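The values are calculated or read from the model by the stated rules, or taken from the named source; none is laboratory data. If you're wondering where the values come from, they're calculated on a predicted model, not measured in any experiment. Note that each Cβ is placed from the backbone with ideal geometry, even for glycine, and that neighbours are counted across all protein chains shown.
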Amino acid sequence: MDSGALATDWLPAYRAALRESFVPDVIWPGVGPADGGPVAGIDRRTDPEAWFHAVYSDTSLTTQWDDGCHTGPDRGNIPTCSNSQPAMVFSMLAALDLQPGAEVLEVGTGTGWNAALLSERVGSENVTTIEFDPENAASAHARLDAAGYHPVAVVGDGSQGWPARAPYDRVLITASLRQVPADIVRQTRPGGIIVSPYATEYGGEAVVRLTVEEDGSASGPFVCSSAFMRLRQQRAYRTHVKTYLGGKPWPADGSRTTTSLSPADVADWLPMFAIGLQTEGMFPYPETLGGGRYTLWLRDTQVTSWASIDFVPGAKEFEVHQSGPRELWSELTAARAWWDGQGRPDFERFGLTVDPDGTSWAWLDSAEHPVPAVG
């Protein structure tokens, strides 16, 4: 693999657990939550050449839309299951540092490929995989059986782990979290490792590698950026901006200011992640206006405060409106300024600690340097 993510020790598993054995007939290559526009699926039965090309490309393959409610050949509204990008799969497997005989829990069976790779590495008898969606679970279990892998395959709420087989030496979570479940930390033995995508409320996401301590806490660094579908139990359901405006036309009661910080400078994955680690209960939404113009909306999850920032290409100053007890744009600019002041650290300089009660906090370079909270 050109990315180098497929290390030599995982080559036997990759060659034995063929990706094609864990991919359905209809797939949508490279379609993620942020992709727009009409995208037709590729059907193995009508275009096997394109299907095989996609399967053996280093790209993610969406395999389900809208929790299974969408069944047509075109894309649905929200991708809800995928066969992940191979480079990401093997980067996360490498972070697990799997040893022979390790007891492994996988949260999010998906199509079953990860469970097969884990089974190939440590033996099916040492792998427990749990999937919330019954349809995805049934398909994955059938594929695993057909390929000769027989892990303990469970249909259930992965955020609660699976205590019947605990404690685990390793836990692999294949959906992004906003909060690491305390149950999963408790089910991992001291010295055990948890690898999971972790997304902030504001945006941005990275894979975290946590080591569980004797006191029941877990701590560790982020190892790479990522973009996974959210764990279903932690999905966010947003209130329309009209509710924030109180039924009045924009800008309602918003106070007007200007800023020299461009909305474009806070739109990339890394600054979004850094801002999200410092803020709480704030999320963005870009409303496209045409001609390269857009409005960046900020809202709080308590439905008390909002801000809008108008982006105009080539402008040096940008119009801001804010309303509510929280000045969301002011919080964002303070968070961005802190990140700038630290030398714009990359994902790998950040880390996360989860206390035994499930409370978590981010840090920079070491746990002795917590990321400050703004707002």
*Which numbered condition trips up Thr304, out of (1) within 22 Å of His240 (Cβ to Cβ); (2) surrounded by 21 or more Cβ atoms within 10 Å (Cβ to Cβ)?*
(2)
*Any strands (runs of 3 or more DSSP E) falling wholly within region 177-237 and containing at least 2 residues that are surrounded by fewer than 18 Cβ atoms within 10 Å (Cβ to Cβ) and not polar (S, T, N, Q)*: 188-199
*Out of (1) exposed (fewer than 14 other Cβ atoms within 10 Å of the Cβ); (2) under 23 Å from Arg178 (Cα atoms), the odd one out for Ala335 is which?*
(1)
*Can you tell me which residue within region 156-176, out of those that are in contact (Cβ under 8 Å) with a residue 60 or more places away in the chain, assigned to a loop (DSSP other than H, G, I, E, B) and within 22 Å of the chain's Cα centre (by Cα), is surrounded by the fewest Cβ atoms within 10 Å (Cβ to Cβ)?*
Asp157
*asked:* Under 7 Å between Cβ atoms, which residue pairs at least 6 apart in sequence (or on different chains) link something in region 258-273 that is within 10 Å of Glu205 (Cα to Cα) with a partner that is of a type in the set (D, E, K, R) and in a loop (DSSP other than H, G, I, E, B)?
replied: Leu270/Asp346
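Listed here are the residues, each with its yes/no results for (1) within 23 Å of Val320 (Cβ to Cβ); (2) among the charged types (D, E, K, R).
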site: Pro181; (1), (2): no, no
site: Thr188; (1), (2): no, no
site: Gly191; (1), (2): no, no
site: Gly220; (1), (2): no, no
site: Met229; (1), (2): no, no
site: Arg232; (1), (2): no, yes
site: Ser255; (1), (2): yes, no
site: Ser262; (1), (2): yes, no
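How about region 125-145: which of its residues are outside any strand (DSSP E or B) and acidic (Asp, Glu)?
Within region 125-145, Glu125, Asp133, Glu135, Asp145 meet the criteria.
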*May I ask you to list the residues in region 86-105 that are among the polar types (S, T, N, Q) and at pLDDT 95 or above?*
Ser91
*Does Ala115 qualify as being assigned by TED's automatic domain parsing to the domain that holds Val23, over 26 Å from Arg235 (Cβ atoms) and of a type in the set (Gly, Ala, Ser)?*
no
*Ser119 fails exactly one of the following numbered conditions: (1) in a helix (DSSP H, G or I); (2) surrounded by fewer than 24 Cβ atoms within 10 Å (Cβ to Cβ); (3) touching a residue at least 40 places away in the same chain (Cβ under 8 Å); (4) of a type outside the set (A, V, I, L, M, F, W, C). What is the number of that condition?*
(2)
*Can you name the number of the only condition in (1) touching a helix residue (DSSP H, G or I) at 6+ places or on another chain (Cβ under 9 Å); (2) modelled with pLDDT of 90 or more; (3) of a type in the set (A, V, I, L, M) that Ala5 fails?*
(2)
*Any idea which residue in region 279-304 is nearest to Thr258 (Cα to Cα), counting only those that are touching a residue at least 40 places away in the same chain (Cβ under 8 Å) and assigned to a loop (DSSP other than H, G, I, E, B)?*
Thr279
*What do you reckon, is Ala264 surrounded by fewer than 16 Cβ atoms within 10 Å (Cβ to Cβ), among the small types (Gly, Ala, Ser) and not in a loop (DSSP other than H, G, I, E, B)?*
yes
